[in-house]
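Read the structure below first, then the notes.
The values are calculated or read from the model by the stated rules, or taken from the named source; none is laboratory data. These numbers come from a predicted model, not from an experiment. Cβ placement follows ideal geometry from the backbone for every residue including glycine, while neighbour counts extend to all protein chains displayed. Surface accessibility is based on the protein's heavy atoms, side chains included, excluding ligands, DNA and RNA. Shrake-Rupley method; radii C 1.70, N 1.55, O 1.52, S 1.80 Å.
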There are 2 protein chains.
Amino acid sequence: MDWEIIHSRLMHLIEGGRRTELRGALMMLNVVDIAQFMQSLDGQSMLMVFRMLPKDVSAEVFAYMEPEQQEQLIGLIGDSEIRALIDEMFLDDAVDTLEELPANVVKRVLANTSPETRALINQFLQYPDYTAGSIMTIEFAEFHSNYTVRQAMDSLRKTGLDKETIYTCYVIDEKRHLMGSVALRHLIMAEDDAPITEVMDSAVISVRTLDDQESVADTVRKYDLIAIPVVDNENRLVGIVTVDDAMDVIEEENTEDLEKMNALLPSEDEYLKTSVWRLAWNRLPWLLFLMITATLTGLIITYYEDVLLNAGAIGVALTACIPILMGTGGNAGSQASTLMIRGLALGEVELKDIPRILWREIRVGVMLGAVLGVVNFLRMIWLNGLDWVTALVVAGSLFLTVIMAKALGCTLPMFAKKINLDPALMASPMITTLVDAGSLAIMFGLASRFLLG
Amino acid sequence: MDWEIIHSRLMHLIEGGRRTELRGALMMLNVVDIAQFMQSLDGQSMLMVFRMLPKDVSAEVFAYMEPEQQEQLIGLIGDSEIRALIDEMFLDDAVDTLEELPANVVKRVLANTSPETRALINQFLQYPDYTAGSIMTIEFAEFHSNYTVRQAMDSLRKTGLDKETIYTCYVIDEKRHLMGSVALRHLIMAEDDAPITEVMDSAVISVRTLDDQESVADTVRKYDLIAIPVVDNENRLVGIVTVDDAMDVIEEENTEDLEKMNALLPSEDEYLKTSVWRLAWNRLPWLLFLMITATLTGLIITYYEDVLLNAGAIGVALTACIPILMGTGGNAGSQASTLMIRGLALGEVELKDIPRILWREIRVGVMLGAVLGVVNFLRMIWLNGLDWVTALVVAGSLFLTVIMAKALGCTLPMFAKKINLDPALMASPMITTLVDAGSLAIMFGLASRFLLG
């Protein structure tokens, strides 16, 4: 990898104390890469590199570092450096950083920021997690509605570098109500004397401070935006969410969905940074709940105890089919529920589609159940040498199980959505557990009727 | 919903034939919403709306329409309108559209485009699916390295509206080699006479035409880019991928991973647009494969046939525990494999971490297995009134099963990655099937040793 070479060259410069060359080499790198490089250094080298970077670059690099290294670095720098750093960072990055740091470090940082910044940070920390307010930034470019294009451009040239983005700017009236958005590409092509209201797009898409971050990110994606304005209840502009933050939200929400779909409590941290205790704790509740649910399936078997005891070899043959029935039923159900959960998340299916979807899934279930039933019937006759009645009972159970699994798999996520639960909870583990019980009830029902009566 | 009101007002204007008002109302909407509105119209109204929009707006709206409606509309408009439409569209959108349309429609469209556009489209269609080349666009802003800032701004003002983005522009030498990138925000703040090479950032991150689209999107996300340049093997600039397309790739890849993780062949289309046959076909291979694998688990039961037949009530008690063992083992394994698959996808864990991860998972397994085993032991003693030896055998099996499940769940995705398979294949269905067999082998092994010997 190129990165290995770059890394060893930089280390070489650090070890040789060749600071001027090092500074030159660092400026050839992207801030994300500088942050990555700094994480591999010991405290003193990290501090040296941090201090040799221009103030604006070091603030950006700091924002990309991991919380552990941020904490380490803050412990090494002086109070005035902390103040300069926090003032230079974008507010949303500063807030993100503070949310990850231990309380005593946060206290020291806040004590060393200007009162205005401190007030803003405290206000931000009050937005509930996972809302637009909690992920927005206040460093956006705004124009008053009486500006001309020239005035707008002048204000951008003056303050533009401190904004998180100036590619979409916003027009507000004297009461800060959001009136429209202006793309910089239109601004630079407009006549200098044109009023800004002529250049702006008044069909501006916005979200509210308390909107869920997932719906904010979905809106950014749907409309292909660079940034989306965040307004309060009176449509006053209070912040923006940029597309790079929206992307991170999408990945975060996808991870959370995956975790919920696999019997895990969602976790915020990377796997290797989570303690073993925490890992176990996040997994226990669902495992316990599903194990207790599975004992109900066990009760079905106990209920048919006499059947099994008196059926001899046929009883064992039926028992040997339990893994096939339960496994196939669970997989068939997860397939359907996965498509529903994803379809609901992406807005491709809606609650009103339930009847149509159910009818589709039943037909799919009939087709798949038929194929799998026939394959299984032939296997039992040819390979296991069972009588055809037993084979037919098992094949029939498989057929009905697959149809039931498809029907449950598509309706349960919808049902969860209907009662305001996350559809992702109705994924493989839950569906599998329910289908397990259903499949055994079907098999023993058919068996006691046709085989052992 | 607001949308319902907007929709009914627009329908009202259409039905009343109030074209001028309709045009005014439409221009208040975002192109994505206009596209959504047009899809609800019959052919003639759709055509009317399409024709009343300005050319550049109608091309953008068309790009956001669904393939069925695009096809319908192309069938309704004349040859010269087709040519104007395709020429107005961004090349990547035109290519995306053509890839979805039936061959005869594509033929008609291509016959009506200019020879240059046709050549470009054909060249694009040749990039393999899922590569940077297949998702890039050629409408980017480039500056020659001898430009001044003024020349660069002039060229942007002249051609900027035809570019997909001008917020990141690229500097090339006379042989089209990529030399650096220029953010528009820096450009508008630079001195007019400064050479462009002074404003540009030479630490530019780029990808190659044949790079996988997923790694392209990940790079855009990692570096928070608005666009990423695509270069050929000789580092010549050939296109860019913008952040909105990268976001779509991320959602697409997440869907694909979810499908693979749940025994589905990946599908390109939305659920409700996929035929029932296709749905069944995408699900059959894995169901069949996993069912056949599950028969091996059945063989384990058959192998212990004598044990079950001679053990009477204990045999039934063991049988009743099969769903609990298999279910809990499968869930415990999926938890571990999910975290591995996601960690590998996001680059949070690597192959070299295997020993460390395995040791973590074994400890997690011991903790969880102990809790679940004890709960199950108490249930069997108190609720089911079983003797303590049987209860101990089942609890011990559960303990060992959970540990085995964790170990398999974390190593198999890593192993898949090692042999260049997609780790997502080693998710719940596969892990569950393997753990099913393992858990029964453990239980019958312990039972025949301690209970029935």
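Taking the listed residues A:MET291, A:MET326, A:MET340, the one that is assigned by TED's automatic domain parsing to the domain that holds A:ASP387 and free of Cβ contacts under 8 Å to residues at least 12 places away in the same chain is A:MET291, with no other qualifying.
Just so you know, in the range B:327-374 the residues that are more than 7 Å from chain A (Cβ to nearest Cβ) and closer than 18 Å to B:ALA317 by Cα include one that is least open to solvent (accessible area, probe 1.4 Å), and it is B:GLY373. In summary, B:ASP212 fulfils each of the numbered conditions (1) open to solvent by 60 Å² or more (accessible area, probe 1.4 Å); (2) within 13 Å of another protein chain (Cβ to nearest Cβ) with the single exception of condition (2). Restricting A:THR297, A:THR255, A:THR293 to those that are more than 7 Å from every other protein chain (Cβ to nearest Cβ) and part of a helix (DSSP H, G or I) reduces the list to A:THR293. Contact map, the range B:94-123: first residue in contact (Cβ under 8 Å) with a residue 60 or more places away in the chain, second residue open to solvent by 80 Å² or more (accessible area, probe 1.4 Å) and of a type outside the set (Gly, Ala, Ser), Cβ cut-off under 7 Å, separation 6 or more or different chains; the map is empty. Can you tell me which residue within the range A:3-21, out of those that are hydrophobic (A, V, I, L, M, F, W, C) and within 24 Å of B:LYS222 (Cα to Cα), is modelled with the lowest pLDDT? My answer is A:TRP3. All of B:TRP382, B:TRP286 fail the test of being among the aromatic types (Phe, Trp, Tyr), within 26 Å of the chain's Cα centre (by Cα) and modelled with pLDDT under 95, apart from B:TRP286. Each residue in the range B:394-453 was checked for being open to solvent by 20 Å² or more (accessible area, probe 1.4 Å) and not in a helix (DSSP H, G or I), and 8 pass.
Assess whether B:ALA119 counts as being assigned to a helix (DSSP H, G or I) and open to solvent by 10 Å² or more (accessible area, probe 1.4 Å). Steps first, answer last, please.
Values: assigned to a helix (DSSP H, G or I): yes; open to solvent by 10 Å² or more (accessible area, probe 1.4 Å): yes.
Yes.
Restricting attention to the range A:307-326, the residues that are surrounded by 22 or more Cβ atoms within 10 Å (Cβ to Cβ) and of a type in the set (A, V, I, L, M, F, W, C) add up to 9.
Hey, among the residues in the range A:223-251 that are open to solvent by 10 Å² or more (accessible area, probe 1.4 Å), without any contact (Cβ under 8 Å) to a residue 24 or more places away in the chain and under 19 Å from A:TYR130 (Cβ atoms), which one's nearest to the other protein chains (Cβ to nearest Cβ)? Result: A:ASP244. Looking only at residues in the range A:5-47 that are outside any helix (DSSP H, G or I) and open to solvent by 40 Å² or more (accessible area, probe 1.4 Å), the one that is nearest to the other protein chains (Cβ to nearest Cβ) is A:MET28.
Here is a yes/no grid of residues against (1) touching a helix residue (DSSP H, G or I) at 6+ places or on another chain (Cβ under 9 Å); (2) within 11 Å of chain A (Cβ to nearest Cβ):
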| residue | (1), (2) |
| --- | --- |
| B:TYR130 | yes, no |
| B:MET136 | yes, no |
| B:TYR167 | yes, yes |
| B:ARG176 | no, no |
| B:VAL182 | yes, no |
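For the condition farther than 30 Å from B:ILE403 by Cα, in contact with a helix residue (DSSP H, G or I) (Cβ under 8 Å, 6 or more places away or on another chain), outside any helix (DSSP H, G or I) and not basic (Lys, Arg), A:ASN384 qualifies.
When we screen B:ILE300, B:ILE205 for residues that are in the same structural domain as B:GLY445 (by TED's automatic domain parsing) and in contact with a Phe, Trp or Tyr (Cβ under 7 Å, 6 or more places away or on another chain), the only hit is B:ILE300.
Those residues that are assigned to a loop (DSSP other than H, G, I, E, B), without any contact (Cβ under 8 Å) to a residue 24 or more places away in the chain and acidic (Asp, Glu), I need them from the range A:124-155; list them, please.
Hit for the range A:124-155 is A:ASP129, nothing else.
Output the number of the condition that B:TYR304 fails; it satisfies all remaining conditions of (1) closer than 30 Å to B:SER215 by Cα; (2) of a type in the set (Ser, Thr, Tyr); (3) within 10 Å of chain A (Cβ to nearest Cβ). Only one criterion is unmet by B:TYR304, namely (1).
Of all the numbered requirements in (1) in the same structural domain as A:GLU214 (by TED's automatic domain parsing); (2) at pLDDT below 90, A:ALA141 misses one, and that requirement is (2).
Here's a check for you: in the range A:261-288, which residue that is in a helix (DSSP H, G or I) and exposed (fewer than 15 other Cβ atoms within 10 Å of the Cβ) is nearest to the other protein chains (Cβ to nearest Cβ)? Checking each candidate, the answer is A:LEU272.
Only a single criterion out of (1) farther than 13 Å from B:THR411 by Cβ; (2) in contact with a Lys or Arg (Cβ under 6 Å, 6 or more places away or on another chain) is not satisfied by B:ALA336, namely (1). I'd like the residue in the range B:375-384 that is more than 10 Å from chain A (Cβ to nearest Cβ) and open to solvent by less than 60 Å² (accessible area, probe 1.4 Å) and, out of all such residues, is farthest from A:MET430 (Cα to Cα). Looking at residues that are more than 10 Å from chain A (Cβ to nearest Cβ) and open to solvent by less than 60 Å² (accessible area, probe 1.4 Å), I get B:ILE381. Listed by position, the helices (runs of 4 or more DSSP H) inside the range B:175-251 whose residues that are under 23 Å from A:ARG221 (Cβ atoms) and within 28 Å of the chain's Cα centre (by Cα) number at least 3 are B:213-222. Restricting attention to the range A:174-191, the residues being open to solvent by less than 50 Å² (accessible area, probe 1.4 Å) and within 14 Å of A:PRO229 (Cβ to Cβ) number 5.
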